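Okay, structure first, notes after.
The values are calculated or read from the model by the stated rules, or taken from the named source; none is laboratory data. This structure is a prediction, so every number in the text was calculated from the model and none was measured. Glycine also receives a Cβ, built like all others from the backbone with ideal geometry; neighbour counts cover every protein chain displayed. Just the protein is used for accessible areas: all its heavy atoms, side chains included, with ligands, DNA and RNA removed. Shrake-Rupley method; radii C 1.70, N 1.55, O 1.52, S 1.80 Å.
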Amino acid sequence: CSSDLNETSYCFYRGSMLMHLGRLQEAEPFQRRNVDLQKEPRRSALAYSMLGQNLQEQGRYDEAMKCFEAALRRFPGKGSVHRHMAELCLNRGDCPTEALKWATLAVDEERPLSADTPGMQNVNNLNLGEALTTKAWAVAVASRNREKVDPLVGEGLPLIHASYAPTRAQAVYQSGQAYAALGDGSSSVRYFEEAAKLDP
């Protein structure tokens, strides 16, 4: 990295690409450098959130949660960060009511957002779709109530077009986790297989 604005952009995109390729440990130094370089609060929140996602994928849950908390200090009310906190709780096997609290908050924060441009509205839809499927997973674990899970999956997945493969794959995977928690093996396998095809 160089020592100017280009360094910040390079570290952000390099870290992001490596993480999406599953090269988590390679991505981490770039993401940490991005955290150090970002000064604007919202961009800093995004940097912390991305580092937290990487650490969560590595199973370093306590470090990841600290990153998400740092992100929220810089951008309170950011729905995607609350979604990541819910996912962390579910992956770690924490109290399901805690996961459901964060997931519900994420949906409540994402749902009212609107945008003036189609591109930004697509981003809003992606975030809401992921929040809804995360909430479906949390509801399934917390209550085993299929009547509450089905509408969340039914609303969430259509918001995420298949061309956004990694995001779609994550939402489909979370739907699979929800049906696995409900004991519906055939549905969960179908969702897991779709997720694997979308993003091997």
Nearest 10, in degrees from 0 to 90: the angle of helix 61-74 to the longest Cα principal axis of the chain is 70
Mean accessible area per residue over the stretch 34-113 (1.4 angstrom probe, all protein chains present, square angstrom) is 47
Rounded to the nearest 10, the angle in degrees between the Cα long axis of helix 118-143 and the longest principal axis of the Cα atoms of the chain comes to 50
Cα pairs beyond 19 Å in the stretch 32-131, in percent, come to 43
By the mean-Cβ-within-10 Å protection proxy, highest first, 127-139, 95-107, 165-177 rank as 127-139, 165-177, 95-107
Carbon plus sulfur, as percent of the 1.4 Å-probe accessible area of the chain, comes to 52
Taking a straight Cα-to-Cα line shorter than 20 Å from Lys66, and setting aside same-chain aspartates and glutamates fewer than 8 residues away, one finds Glu28, Asp36, Glu40, Glu57, Glu87, Asp94, Glu98
Computed over the chain: longest principal axis from alpha-carbon atoms vs helix 41-57 long axis, angle to nearest 10 degrees, is 60
Note, the stretch 79-85: 3J(HN,Hα) by Karplus (6.51, -1.76, 1.60, θ = phi - 60°), whole Hz, Gly/Pro = x, goes x, 5, 5, 5, 4, 4, 5
Stretched fully, the stretch from Met17 through Arg146 gains (0.36 nm per residue minus C-alpha distance, one decimal, in nm) 42.8 nm
Computed about the Cα centre, the charge dipole of the chain from +1 Lys/Arg and -1 Asp/Glu charges at the Cβ has a magnitude in debye, to the nearest 20, of 180
Long-range alpha-carbon pairs in the chain, meaning those over 23 Å apart, account in percent for 44
